[in-house]
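These notes are about the structure you will find just below.
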Amino acid sequence: MRVDDYRIYPTYNIRVNARAVTANLTVPSIATEISADLVSIQTDRPILPTTPVNICIQLEEDILLQGNVVWVLDTQTDKGEHYYLAGIRTDAIINPKVKAIGRAEKSRLLQEVLYEIMERCNN
């Protein structure tokens, strides 16, 4: 985390398959960054700011992050491959056993999610 970064929670770089679901479309995506109140996703279609969105991270049990798009960037890789990067402020993190809304609950569930991502990457 950068010193001039005004985020409340620490942010972690990840790379896991996800789905972004809005009222009008479902977009395959890759979750690239996560914290207890933010998730960044890479998609091939833009999702505009203020759009309500559910992000489903595909782990052992699907993790659902509910929130609204805060920003979107139209960008490309060093190899010239085009994609969109969107930042979603999350209101809740939900797995089949827990719905985390408060700060402590979201932080605790995030640690479980990060542990599972780390385990998956090491296997």
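The values are calculated or read from the model by the stated rules, or taken from the named source; none is laboratory data. These figures come from a predicted structure and were not determined experimentally. Note: ideal-geometry Cβ built from the backbone for every residue, glycine included; neighbour counts use all protein chains shown.
The requirement of being touching a residue at least 24 places away in the same chain (Cβ under 8 Å) and exposed (fewer than 14 other Cβ atoms within 10 Å of the Cβ) is not satisfied by Leu25. When the strands (runs of 3 or more DSSP E) confined to segment 1-70 are screened for residues that are among the basic types (Lys, Arg) and within 12 Å of the chain's Cα centre (by Cα), those reaching at least 2 such residues are found at 12-21.
Check segment 60-80 and report whether any residue there is in contact (Cβ under 8 Å) with a residue 40 or more places away in the chain and over 18 Å from Pro10 (Cα atoms).
The initial filter retains those residues of segment 60-80 that are in contact (Cβ under 8 Å) with a residue 40 or more places away in the chain, namely 60, 63.
Those still in the list that are over 18 Å from Pro10 (Cα atoms) too: 60, 63.
Within segment 60-80 (the criterion being in contact (Cβ under 8 Å) with a residue 40 or more places away in the chain and over 18 Å from Pro10 (Cα atoms)), the answer is yes, since at least one residue qualifies.
For segment 92-108, a residue qualifies if it is without any contact (Cβ under 8 Å) to a residue 60 or more places away in the chain and not in a strand (DSSP E or B), and the qualifying residues are Asn95, Pro96, Lys97, Val98, Ile101, Gly102, Ala104, Glu105, Arg108. Just so you know, in segment 89-106 the residues that are more than 16 Å from Leu59 (Cβ to Cβ) and over 14 Å from the mean Cα position of the chain (by Cα) include one that is surrounded by the most Cβ atoms within 10 Å (Cβ to Cβ), and it is Glu105. As a summary of the residue check, Leu85 satisfies the conditions (1) surrounded by fewer than 20 Cβ atoms within 10 Å (Cβ to Cβ); (2) at pLDDT below 95 except for the one numbered (2). Scanning segment 32-82 for residues that are more than 16 Å from Ile94 (Cα to Cα) and of a type in the set (A, V, I, L, M) turns up Ile41, Ile47, Leu48, Val69, Val70, Val72, Leu73.
Does Leu38 satisfy being closer than 23 Å to Ile8 by Cβ and touching a Gly at 6+ places or on another chain (Cβ under 7 Å)? Yes.
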